[in-house]
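Only the coordinates and a few stated rules stand behind these numbers; no lab work does. It should be emphasised that the depicted structure is a prediction, and the values quoted were computed from it without experimental measurement. Don't worry about glycine lacking a Cβ; one is built from the backbone with ideal geometry, like all the others, and counts go over all protein chains shown.
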Amino acid sequence: MSDVLVVAEHRRGELREISHELVTAGRELADDLGGELHVAVIAGDVAEFAAELNRPGIDRIHTVAVGEEFDHTVYAAAAERLVERTGAAAVVTPNSVNGLDYAPAVAERLGVPLVTDVLEFTYDDDLTVTREMYGSKVETTAAVDGDRFCLTVRGGEFAPAEGLGEAAVEPVELDPPESGARVTGFEEVAGGDVDIADADVLVSVGRGVGEAENLEVVEALADALDATISASRPVVDNGWLPKNRQVGQSGTVVAPDVYVAIGISGAVQHVAGMKGSDTIVAINTDPNAPIFDIADYGIVGDLFEVVPELVSRFE
C-alpha cells in the first residue's frame, strides 16, 4: 500500500482553495511513498467539483454523490469506503472545521495514527511531520509509526495545484448511511459575507492604527488596491473590525498574492496565519519589529504618512 487519498472540501456550492493545496501536498506524499494520488469529492455537484479540481498529478478522482453539504456520517463512511477501494496508505484532509470533524473517525475506523495541523512532511522509510505548538512559538517534528496514517494539513502551507489534468473520474456507489444530523442552513458571522481566505490582496491593520476612526486611512489604500481589509487580533478584540476579518492562529489562515501589514508587529500567532502569502509588505515605525523578518518589502515609517502616499501612487 503506497497510494494517497486526498479528500476535497466544498461549501455552499463552491470548492474551497484548500482542496487545490491538498492536491500539491498529496502529490508530494504520493511521490515519497512511490504510489498514486487519488482525490475524493463527496456530496454536492460532484461532477462540477471534479472537473474544477482535475489537475496534473492526480491519477484518479472518485466522486460520491450522496447529499449536498458536509455530513460527518457520510464523509466518514465514504472515506472508509474509498480506502478499501484504493488500498490507500494515507488519507489527507484539510485541517478545517469539517476535516477535524471526520478525520478522527476515519483514523479510528482504520486503526491508524492521526496527525493534525501538519505544516510539512517527509517520508524516508518512516513519516516525519512538522507541526507547531504553544501558540506557534515552537516548531516540532514527530515521527509517525506504521505504514498507514491520516493527516490533516493546515491551509496556506502548500501552493495550490495549477493546470489542466487528465485524471479519470470514477463514480463510487455508497448506500446513504443513517445520520443523526443534517445541514439546515448557514448563518454568516457579523460583518457580512466576506471570506478573507479567498482574497487575492489583503490590506491588514494592527494596533498601530491607534483607534477605530483611523481605519479610514487603511480603507483608502484597500480601495486603491481593490483589496480586502483584514486585521490582527488586537483590532478585533477592540471591536474595530469583526471576527471574520481576523488573520492568525485564532482567526483565519490566509495566503493571498499580496499581504500588506500595516502597524502590525508580527506576533507569532499572527505570522502563523499569513506567512504563506506570496508577497508580504510591512509598514511599521519599529525597525526591529518581527514582521520585517518575513516581509519581502519593508517600510519603516509612520503609517499616517506612508499610507496616504501609497494611495496617491496607486489611485
Stokes-Einstein, Kirkwood over Cα pairs, the stretch 257-315, 10 °C, 1.306 mPa s; D in µm²/s equals 137
Semi-axes (Å, rounded, descending) of the ellipsoid equivalent to the stretch 164-315 per its C-alpha gyration tensor are 35, 19, 15
Per the helix-only model, the chain has a calculated mean residue ellipticity at 222 nm (DSSP H runs of ≥4, -39500 (n - 2.57) each, divided over all residues, rounded to the nearest 500) of -8000 deg cm²/dmol
Any chymotrypsin sites (Phe, Trp or Tyr not before Pro) in the stretch 143-210 that lie in a DSSP loop and have at most 12 other Cβ atoms within 10 Å would be F186
Checking rank on 55-64, 108-117, 36-45, with mean other Cβ inside 10 Å and highest first, the result is 36-45, 55-64, 108-117
Residue span E166 to S179: 0.36 nm per residue of separation minus Cα-Cα distance leaves a gain in nm of 1.2 nm
Rounded to 0.05, the calculated FRET efficiency for the beta carbons of M133 and V194 at R₀ = 51 Å is 0.95
Kirkwood Rh over alpha-carbon pairs of the stretch 4-171 plugged into Stokes-Einstein at 10 °C, 1.306 mPa s gives a D in µm²/s of 101
Put in order of increasing Cβ neighbours within 10 Å, starting from the fewest, R154, R207, R233 give R207, R233, R154
From the Cα centre of the stretch 198-220 to that of the stretch 138-170, the distance in Å is 33
For the chain, shape from the Cα gyration tensor axes a ≥ b ≥ c, cut at a/c of 1.5 then a/b versus b/c, turns out prolate
Contour minus Cα-Cα span, A51 to E309, at 0.36 nm per residue, comes to 88.4 nm
per DSSP, antiparallel bridges as share of beta bridges in the chain, % nearest 5, sits at 25
With DSSP loop assignment and no more than 16 other C-beta atoms within 10 Å, the chymotrypsin sites (Phe, Trp or Tyr not before Pro) in the stretch 57-135 are Y134
Rounded to the nearest 0.05, FRET efficiency between A143 and D101 (Cβ-Cβ, R0 22 Å) equals 0.25
Shape call for the stretch 118-241, from the Cα gyration tensor axes a ≥ b ≥ c (a/c under 1.5 means rounded, otherwise prolate when a/b beats b/c, else oblate), comes out prolate
